[in-house]
Amino acid sequence: MCFSASASIIAGTTLSIIGKETLKKPKVKTDIPFASIPLIFGIQQFAEGAVWLTIGIPGLNQILALVFLIFAYAVWPIFVPVAILLMETDPFRKKLIKVFAVCGMIAGLTLLYSILTGPVEAQVIQQSISYSSIGNFPQGIFWLYLAATSFSCIASSHKMVSFFGVTILVSCFTAYQCYANSFFSVWCFFAAILSFMVYLHFQPVDELFRQIKERLKIA
């Protein structure tokens with residue numbers, strides 16, 4: 001999480017546990033990339049926890065900040081639409097998601113180039129981490145990023161995946177309104193927490209409650 005090292009580590013641990021359970025759920029190989037999202041978010045949150053712990057240690061902190069930013073800026077816009085595309089079966093929706101995948105490729109590679117060629121700095125502003133690393137790039141890149149990470153999910157024929165996309169979109173504007181100085185850090189935290197819905201895609205809520213009741217009876 002963006003507000004403290006301990007919160008990031010707790011979030012990373014929780015998401016790693018959820019992620020491992022989610023990866024047990026797919027029945028076909030094409031679902032595995034989408035199922036891996038909570039686990040990847042867990043790794044990313046561990047990375048930001050390490051960023052917190054190394055504030056004031058310039059060299060190491062910059063390396064860890066770079067790791068976090070690669071996840072936040074490059075991995076997600078490329079990975080998410082591809083994961084959604086692999087699961088989709090509706091022909092029209094597949095074509096639409098392919099467009100979002102191209103948007104993600106453009107955004108991800110542009111941002112990756114920016115963070116690899118520019119200075120990377122992490123600093124604490126208002127109890128959250130602000131990364132000054134992107135430099136100057138066209139504002140349209142953000143909208144391509146948003147299309148790839150949110151609209152690709154919304155376009156899915158799977159209801160929980162589509163709802164996941166809506167919540168990602170809402171969390172984006174919430175993070176921007178409340179934490180403009182540390183927007184990407186806060187948005188990534190919101191998205192990480194919301195990624196539990198990936199588990200619910202593979203494990204319907206009613207079935208989850210049924211299993212919980214059975215376990216409580218056994219206990």
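Within region 177-198, is even one residue modelled with pLDDT of 85 or more, over 13 Å from the mean Cα position of the chain (by Cα) and surrounded by fewer than 17 Cβ atoms within 10 Å (Cβ to Cβ)?
No.
I'm told GLY12 meets every condition in (1) closer than 19 Å to SER150 by Cβ; (2) within 13 Å of the chain's Cα centre (by Cα) except one. Can you identify the failing condition by its number?
Against the list (1) closer than 19 Å to SER150 by Cβ; (2) within 13 Å of the chain's Cα centre (by Cα), GLY12 comes up short only on (1).
Answer yes if at least one residue in region 96-112 is in contact with a Gly (Cβ under 9 Å, 6 or more places away or on another chain), surrounded by 16 or more Cβ atoms within 10 Å (Cβ to Cβ), at pLDDT below 95 and within 27 Å of PRO58 (Cβ to Cβ), and no otherwise.
Among the residues of region 96-112, not one is in contact with a Gly (Cβ under 9 Å, 6 or more places away or on another chain), surrounded by 16 or more Cβ atoms within 10 Å (Cβ to Cβ), at pLDDT below 95 and within 27 Å of PRO58 (Cβ to Cβ), which makes the answer no.
The values are calculated or read from the model by the stated rules, or taken from the named source; none is laboratory data. All of these numbers come straight from a predicted model, not from anything done at the bench. Ideal geometry is used to build each Cβ from the backbone, glycine not excepted, and the neighbour counts take in all protein chains shown.
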